[in-house]
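> Here it is, the structure in full.
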Amino acid sequence: MRKIALFEQGISPTPIVKMSGGYGENQYYIKREDLIPFSFGGNKARKAAEFYKEIKACGADIVVTYGSNSSNHCRIIANMAAAMGIACHIISPEENRERLYNTRLVEDFGATIETCPVTEVSGTIDRRMETLRQAGRNPYFIMGGGHGNPGTRACADTYREIAVYEEQTGISFDYIFHASGTGTTQAGLVSGKLQADAEKKESGRCAGGQKIIGISIARNEARGREVVRQSIEDYLGARYEELYRDEALIFTDEYCMGGYGKYTPEVAQTIEKVMQSDGIPMDTTYVGKAFHGMIQYVEAHGLQGKNILFVHTGGTPLYFDFLERR
Ligand SMILES: *Cc1c(COP(=O)(O)O)cnc(C)c1O
């Protein structure tokens, strides 16, 4: 098994930059998780660095995971496995086989792709894991989107980086917005904040009224919230009862526009505007959709004069799919 130098050394804090404006009566900042220097970056690269440690520790010789043809997670896991010199097996729904940039990259990294009807995913995963074990292999399974405790742990670091930035600059964010999919990123951010608030309280400081708002890109509110809460519980473990507060978990499905991958012409316009005025690419499935949702949320809630941080969670190859479709 080969080592990946970047993951050995640890991921450096990603930049937080002020945006140029023109998005309304607030100060907008953006945290560039898309610039994590592995496989076009994004929150899946951050999560992968944690899974890397687990895979190394258990000496797996093949990674098994799940995702669609557009999956950023599958691209990064296939890339990581190739770099480590181990095999990668991806289970993918057969319903949509359009070859997007992420699909092509997964193929180029030499991963095997097994398709099945979306309703048979979990059975297919179980059978594949069993077959591999019987053949004497040592497979490591990662849930779709890098969901699970290592992923949450990785995303709690994102929050800690934000807190350090606030300390160093004296700028405090009233709101933090981000795209919420499997809920791992939100679970990490909220857990990081709950831990930081507890530390502040212990040292007699005020925790402040910062809100973290997950913009759902697919799930309805009831299910989305419950998955995030469950991930927070898994991550905080024994400290969950003491630290968890329901009002710290804000998840809105008001901007999911009919479900996964769906978006309106206004989202496309917002993406073009951000690219033109800030030079930052965003995709239509996650980041552009959530950024547009944030602007609408801010308007609907009449927010003014606030410091607002948007977490850019990556997905750069999907930006190029967007360009080709226009
Ligand atoms: C997966 C993904 C998300 C959602 O993150 P979760 O941790 O699954 O909620 C957001 N943005 C991009 C670009 C992603 O690939």
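> May I ask you to say which residue of Ala196, Ala218 is among the small types (Gly, Ala, Ser), within 16 Å of the ligand (Cβ to nearest atom) and surrounded by 14 or more Cβ atoms within 10 Å (Cβ to Cβ)?
Exactly one of Ala196, Ala218 is among the small types (Gly, Ala, Ser), within 16 Å of the ligand (Cβ to nearest atom) and surrounded by 14 or more Cβ atoms within 10 Å (Cβ to Cβ), namely Ala218.
> A further question on this structure: Mind listing just one residue for me: the one in the stretch 253-295 that is away from the ligand (no atom under 13 Å from the Cβ) and of a type in the set (Lys, Arg) and, of those, nearest to Lys18 (Cα to Cα)?
Lys273
> OK, next. Kindly indicate the residue of the stretch 275-290 that is surrounded by 14 or more Cβ atoms within 10 Å (Cβ to Cβ) and touching a residue at least 60 places away in the same chain (Cβ under 8 Å) and also farthest from Glu221 (Cα to Cα) among those meeting that condition.
It comes out as Asp278.
> Same structure, new question: Cβ-Cβ under 9 Å, sequence separation 6+ or interchain: first residue in the stretch 154-174 and within 16 Å of the ligand (Cβ to nearest atom) and at pLDDT 95 or above, partner of a type in the set (Phe, Trp, Tyr) and in a helix (DSSP H, G or I). Which pairs?
Pairs that qualify, where the first residue is within 16 Å of the ligand (Cβ to nearest atom) and at pLDDT 95 or above and the partner is of a type in the set (Phe, Trp, Tyr) and in a helix (DSSP H, G or I), are Ala154/Phe51; Ala156/Tyr235.
> Of all residues in the stretch 263-300, which are touching a helix residue (DSSP H, G or I) at 6+ places or on another chain (Cβ under 8 Å) and small (Gly, Ala, Ser)?
Listed by number, the residues that qualify are Ala268, Gly288.
> Another one. Being surrounded by 18 or more Cβ atoms within 10 Å (Cβ to Cβ) and more than 15 Å from the ligand (Cβ to nearest atom) is the requirement here; does Ile308 meet it?
yes
> Working only within the stretch 109-147, note down all residues that are closer than 26 Å to Arg46 by Cβ and not in a helix (DSSP H, G or I).
Listed by number, the residues that qualify are Phe109, Gly110, Ala111, Thr112, Ile113, Asn138, Pro139, Tyr140, Phe141, Ile142, Met143, His147.
> So which residues in the stretch 221-244 are in contact with a strand residue (DSSP E or B) (Cβ under 7 Å, 6 or more places away or on another chain), surrounded by fewer than 24 Cβ atoms within 10 Å (Cβ to Cβ) and not acidic (Asp, Glu), if there are any at all?
Arg225 - this is the single residue of the stretch 221-244 that is in contact with a strand residue (DSSP E or B) (Cβ under 7 Å, 6 or more places away or on another chain), surrounded by fewer than 24 Cβ atoms within 10 Å (Cβ to Cβ) and not acidic (Asp, Glu).
> So, restricting to strands (runs of 3 or more DSSP E) that lie completely within the stretch 1-92, which ones have at least 2 residues that are under 23 Å from His178 (Cβ atoms) and in contact with a Ser or Thr (Cβ under 8 Å, 6 or more places away or on another chain)?
Hits in the stretch 1-92: 27-32.
> Could you please find all residues in the stretch 229-282 being modelled with pLDDT of 95 or more and at positive phi?
Gly237, Met257, Gly279
> Just one of the numbered conditions (1) within 30 Å of Glu161 (Cα to Cα); (2) away from the ligand (no atom under 16 Å from the Cβ); (3) under 22 Å from the mean Cα position of the chain (by Cα); (4) in a helix (DSSP H, G or I) is not true of Arg104; which one?
Failing condition for Arg104: (1).
> Pull up the stretch 242-264, narrow it to residues that are hydrophobic (A, V, I, L, M, F, W, C) and in a loop (DSSP other than H, G, I, E, B), then point me to the one that is farthest from His292 (Cα to Cα).
So the residue we want is Leu249.
> Which one of Arg32, Arg2, Arg75 is closer than 14 Å to Gly145 by Cα and either surrounded by fewer than 24 Cβ atoms within 10 Å (Cβ to Cβ) or of a type in the set (Lys, Arg) (or both)?
Arg75
> If you check Arg229, Arg239, Arg223, which single one turns out to be out of contact with any Gly (no Cβ under 7 Å at 6 or more places or on another chain), more than 15 Å from the ligand (Cβ to nearest atom), outside any loop (DSSP other than H, G, I, E, B) and closer than 30 Å to Gln195 by Cα?
Arg239
> Any residue in the stretch 296-304 that is touching a residue at least 24 places away in the same chain (Cβ under 8 Å), closer than 22 Å to Arg46 by Cβ and away from the ligand (no atom under 16 Å from the Cβ)?
Scanning the stretch 296-304 turns up no residue that is touching a residue at least 24 places away in the same chain (Cβ under 8 Å), closer than 22 Å to Arg46 by Cβ and away from the ligand (no atom under 16 Å from the Cβ).
> Can you name the condition, by its number, that Thr285 falls short on among (1) out of contact with any Leu (no Cβ under 9 Å at 6 or more places or on another chain); (2) part of a loop (DSSP other than H, G, I, E, B)?
The failed condition is (1).
The values are calculated or read from the model by the stated rules, or taken from the named source; none is laboratory data. Owing to the predicted nature of the structure, the values given are computational and were not obtained by experimental measurement. Counting neighbours? That spans all protein chains shown, and the Cβs are built from the backbone with ideal geometry, glycine included.
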